[in-house]
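Student: First, the structure itself, so that you have it in front of you.
Values quoted throughout were computed directly from the atomic coordinates according to the rules given, and no laboratory measurement underlies them. What you see is a predicted model; the values in this text were computed from it and never measured. For neighbour counting, all protein chains shown are included, and Cβ atoms are generated from backbone atoms with ideal geometry for every residue, glycine included.
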Amino acid sequence: MTENGVTARGSDVANEAQVTIGEGRAGQLAASLRALTERIDAACRAAGRSPDEVRLLPVTKFHPASDIEILYGLGLREFGESREQEASDKVAQLRHLSRVRWEFIGRLQRNKAKSVARWANTVYSVDSDRLASTLDAGAKAALEAGERDTPLRVLLQVSLDADPARGGAYEAELLTLADRVAAAESLQLGGLMAIPPLDADPDAAFERLARLHGSLLTAHPQATELSAGMSNDLEAAIRHGSTCVRVGTALMGARPITSA
Ligand SMILES: *Cc1c(COP(=O)(O)O)cnc(C)c1O
């Protein structure tokens with residue numbers, strides 16, 4: 001995944017808006033949120049879709065809890081995180097913010113699944129029966145302990161290039177996995193997520209993803225979410241039916257370089 005996802009178009013608008021909105025991190029985030037919202041609206045219009053059909057999930061990984069408080073002040077209530085320890089720390093630090101939904105979008109090791117099942121509203125990266133069972137057990141325990149009051153919503157991550165290093169279930173396994181998740185007591189099957197292969201043509205990748213989502217919907221009509229599109233490719237994803245774009249860089253700026 002690229003770490004420098006700001007498009008020329010997005011950042012130009014953001015830089016211009018910043019001058020009028022104000023200085024400092026709050027002004028910066030307000031300006032880039034405005035520019036990003038305009039960009040998503042324009043992509044929806046170009047695709048003949050209503051902006052109501054596409055949700056923005058701000059991705060706050062690697063950025064401090066203070067940024068999340070600013071975004072909360074701007075009206076955002078959902079935040080995407082991808083590393084368990086970092087996310088758990090932020091959840092604890094930001095308990096005073098009411099009605100926040102934490103969305104876990106990263107690869108998840110089974111030994112971290114219990115923790116995530118306590119506080120996540122949704123896990124976007126379920127790609128195996130084993131992970132699904134561990135999350136189901138974790139969500140059940142969290143429900144019984146009163147740590148959560150709804151089932152854990154799950155999106156299946158599908159691999160579009162069959163590269164095991166990048167995560168995602170293989171296409172051939174997808175419907176079996178969907179049946180397992182749908183039958184799990186403490187999980188709720190919400191839909192599908194994918195990250196296109198690095199060098200792929202995003203339109204071709206998202207077109208294929210949309211077809212896979214179609215077959216998932218035939219078997220599980222409630223699995224309506226299609227989470228596709230990031231800073232660099234959200235227009236293509238919206239053209240192909242995305243209902244949730246996950247945007248980090250174009251909103252937050254560049255992430256610090258890490259080895260993670
Ligand atoms: C980091 C991340 C994103 C956001 O990527 P940007 O290119 O910064 O917008 C989206 N989805 C997943 C799964 C991620 O890990």
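Student: Run the dipole for the chain about the Cα centre, Lys and Arg Cβ at +1, Asp and Glu Cβ at -1, nothing else charged, and hand back the magnitude in debye, nearest 20.
Tutor: Its charge dipole is roughly 540 debye.
Student: Can you list the residues of the stretch 48-67 with backbone N under 13 Å from a point 7 Å past the Cα of H96, pointing along Cα to Cβ?
Tutor: The answer is 66, whose backbone nitrogens lie closer than 13 Å to the label point.
Student: Near the amide H of R101, under 5 Å away, which other amide H atoms are found, from residues 5 or more places off or on another chain, if H is placed in the peptide plane?
Tutor: Sorted by chain and number, the residues that satisfy this are E78, F79.
Student: Let me know the Kirkwood hydrodynamic radius for the chain, please, with Cα pairs as the basis and the value in Å to one decimal.
Tutor: 18.7
Student: Could you point to the residue in W102, A31, G190 farthest towards the positive end of the chain's charge dipole, with +1 and -1 charges on the Cβ of Lys/Arg and Asp/Glu respectively?
Tutor: Checking the options against the dipole of the chain, the answer is W102.
Student: Okay, moving on. Would you kindly derive the ³J(HN,Hα) couplings of the stretch 243-255 from the backbone phi angles with the Karplus curve 6.51 cos²θ - 1.76 cosθ + 1.60 (θ = phi - 60°), listing them in order in whole Hz, with x for Gly and Pro?
Tutor: Working through the residues one at a time gives 10, 7, 8, 9, 10, x, 3, 5, 9, 8, x, 5, 7 Hz.
Student: Rounded to the nearest angstrom and ordered from largest down, what semi-axes does the equivalent ellipsoid of the stretch 89-205 get from its C-alpha gyration tensor (root of 5λ)?
Tutor: 26, 17, 11
Student: Given a Förster radius of 35 Å and the C-beta distance between A183 and E23 as r, what FRET efficiency does 1/(1 + (r/R0)^6) yield to the nearest 0.05?
Tutor: E between A183 and E23, to the nearest 0.05, is 0.10.
Student: Sticking with this structure for a sec: List residues of the stretch 166-187, by number, whose backbone nitrogen lies under 19 Å from a label position 7 Å along Cα→C-beta of T218.
Tutor: 170-180, 182
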